[in-house]
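Take a look at the structure set out below.
The numbers here are math on the coordinates, done by the rules we state, and not lab data. Computed from a predicted structure; not experimentally measured. Quick reminder, even Gly has a Cβ in these numbers, built from the backbone with ideal geometry, and neighbours come from all protein chains shown.
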Amino acid sequence: MCGIVGLFAKSGDVEARLGADLASMLVQLSDRGPDSAGVAFYRDEVPAGSSKLTLYSPDPREDWAALTAALGEAFGGAEDPAVRATHAAIVVESEADEADAWVREHRPDLRVMSAGRAIEVYKEVGRPENVAKRFDLAAMTGTHAIGHTRMATESAVTTDGAHPYSTGKDQCLVHNGSLSNHNNLRRVLAREGFKFETENDTEVAAGYLSWKMREGLSLDDALKVSLDDLDGFYTFVVGTENGFGVLRDPIACKPAVMAETDDYVAFGTEYRALVGLPGVEQARVFEPEPARVYVWERH
């Protein structure tokens, strides 16, 4: 099962209500994924030379202020953390790779959910409506966001096992389906320096796309070459700093529908995820074609 949603804002009005609309879309697909849910928001981009980490702690008593102070001492200029339930977004004056490496070395008990200039990833175990309330998604703004409701099939129901997966700077992936060759790809990616936190095939797909974009491919081209290298049945929605892309496998047995207006582009596993969006009655509604890449980006 599993459900995917995505929303790309073309107007300031949609940016202002991005969280409320995405949360509503996510809740509509609760029965496709009651185990856990997660989102990636692109918002409040930090200046060049700084980066934003989204961190998860399994300890509800985590002292985020102390961690932020330690990051500030290491890199300088750390701002007050933005805490949402078990997660915190922290801005530091360093490149994302350096800050990520520092956390992994000094606080291996934490999980780096995302790192970049704009991305924030929040995910947890529980029904989507409860996850949305826990992170107060309705209050969030942003330029674009993607989300996922999970019904676990091949790995444990844990926070780490929930989507999205972020394996590159400002990059993330949500996925409905299964990959048959993810173990072979995992070995290839390990040789390229990628480290995986879970056994989830989605994390491997995310790593594959990060690898291709690290080699210089655009999101559009990375998705195109993935058709030759990824085996299985899947629908992907991929987030980057500038936008998001959509790809279905050549058979396209996993459902997907999109709606586009002058104000937004929306994705849902089923149309019911889109029915609450303003102006959807006048939108261009279509089903993404098999093996065709769709990308919307901000310029």
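Computed values, structure above
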{"item": "Residues His144, His87, His299 arranged by fewest to most Cβ contacts within 10 Å", "result": "His299, His87, His144"}
{"item": "Rg [Å, one decimal], Dmax [Å, integer] - the stretch 159-214, C-alpha atoms", "result": "10.2, 27"}
{"item": "Mean projected area in nm² (Cα convex hull; one quarter of hull surface) for the chain", "result": "13.9"}
{"item": "Calculated FRET value between Ala69 and Glu45, using beta carbons and R₀ = 30 Å, to 0.05", "result": "0.80"}
{"item": "Among Leu7, Ala66, Pro47 the positive-end extreme of the charge dipole of the stretch 1-97 (Cβ point charges)", "result": "Leu7"}
{"item": "Debye, to nearest 20: dipole size of the chain, +1 on Lys, Arg Cβ, -1 on Asp, Glu Cβ", "result": "500"}
{"item": "Cα shape, the stretch 95-158, gyration tensor, a/c 1.5 rule", "result": "oblate"}
{"item": "Convex hull of the stretch 46-117 built on C-alpha atoms - directionally averaged projected area, nm²", "result": "4.0"}
{"item": "Relative contact order for the stretch 46-117, counting Cα pairs under 8 Å that sit 6 or more residues apart, in percent", "result": "46"}
{"item": "Mean residue ellipticity (222 nm) of the chain, computed from DSSP H runs ≥ 4 via -39,500 (n - 2.57), nearest 500", "result": "-8000 deg cm²/dmol"}
